[in-house]
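In what follows, a single structure is set out as structure tokens and then discussed.
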Amino acid sequence: MKFLSYFKEIYSSIYSLIVGMLITNKYLFKPIFTVQYPFETLIFKDRFRGIVFNDISDCIVCGMCARICPPGCINLKSEKRSPEETIPLTSDGRKKMLKLTTYIIDISKCMFCGLCTEVCPTKCLKMTKKIKGLISNDYYDRKLLIYDYIALNSKELT
């Protein structure tokens with residue numbers, strides 16, 4: 001009986017070696033696709049989803065983006081405008097009844113699903129093609145992956 005199991009193991013080893021070599025030979029003659037990052041970068045498709053950008057001037061502070069975000073990486077705070085303040089309008093003519101005081105996105109938590117951009121009624125949220133810190137380890141501090149759009153004044157990420 002031990003004699004038979006010995007030959008079964010030999011057969012199994014030779015079979016797995018042949019299967020492994022066939023898989024290796026399948027990819028041996030295909031062209032190599034290597035990108036020498038950061039000297040070369042990939043060309044992204046039109047529907048690529050990178051870092052989320054918020055155009056603060058069009059945000060009506062509805063909070064739908066923060067509610068639909070699965071990991072909860074959007075932190076949004078607002079306050080009511082005083083009666084003597086003039087009510088600004090967005091680019092599509094909507095009234096901004098609330099004043100945005102805090103809009104923070106923690107990119108380290110973001111899963112880049114794009115749900116926040118889909119539900120935004122004014123389309124002020126957009127997925128950019130920016131990938132710094134996402135694919136490579138460009139940042140060694142998580143605090144650099146927290147974007148405060150009020151402080152950035154909505155100009156740095158475009």
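The values are calculated or read from the model by the stated rules, or taken from the named source; none is laboratory data. Since the structure is predicted, the reported quantities are computational estimates derived from the model, not experimental observations. Ideal geometry is used to build each Cβ from the backbone, glycine not excepted, and the neighbour counts take in all protein chains shown. To get the accessible areas, we keep the full protein, side chains included, count just its heavy atoms, and leave off ligands, DNA and RNA. Shrake-Rupley method; radii C 1.70, N 1.55, O 1.52, S 1.80 Å.
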Task: Those residues of the range 14-40 which are open to solvent by 80 Å² or more (accessible area, probe 1.4 Å), at pLDDT 85 or above and of a type in the set (A, V, I, L, M, F, W, C), in sequence order - done: Ile14, Leu17, Ile18, Met21, Leu22, Ile23, Leu28, Phe29
Task: So Ser91, is it free of Cβ contacts under 8 Å to residues at least 60 places away in the same chain and not aliphatic (A, V, I, L, M) - done: yes
- [ ] Take Ile131 and decide whether it is among the aliphatic types (A, V, I, L, M), modelled with pLDDT of 85 or more and surrounded by 14 or more Cβ atoms within 10 Å (Cβ to Cβ).
- [x] no
- [ ] With respect to Phe53, determine if the residue is assigned to a loop (DSSP other than H, G, I, E, B) and in contact with a strand residue (DSSP E or B) (Cβ under 8 Å, 6 or more places away or on another chain).
- [x] no
Task: Answer residue from the range 66-91, given it is surrounded by 13 or more Cβ atoms within 10 Å (Cβ to Cβ) and among the hydrophobic types (A, V, I, L, M, F, W, C) and is farthest from Lys123 (Cα to Cα) among those - done: Cys73
Task: Matching entry among Pro83, Pro70 (being out of contact with any strand residue (DSSP E or B) (no Cβ under 8 Å at 6 or more places or on another chain), part of a loop (DSSP other than H, G, I, E, B), of a type outside the set (Gly, Ala, Ser) and modelled with pLDDT of 90 or more) - done: Pro70
Open item on the list: Restricting to the range 105-119, count the residues that are crowded, with 17+ Cβ neighbours inside 10 Å and hydrophobic (A, V, I, L, M, F, W, C).
Closed with: 4
- [ ] Considering only residues that are among the aliphatic types (A, V, I, L, M) and at negative phi, look in the range 41-65 and name the one that is most open to solvent (accessible area, probe 1.4 Å).
- [x] Ile43
Task: Residues of the range 1-49 that turn out to be of a type in the set (Val, Ile, Thr) and assigned to a loop (DSSP other than H, G, I, E, B), as a count - done: 5
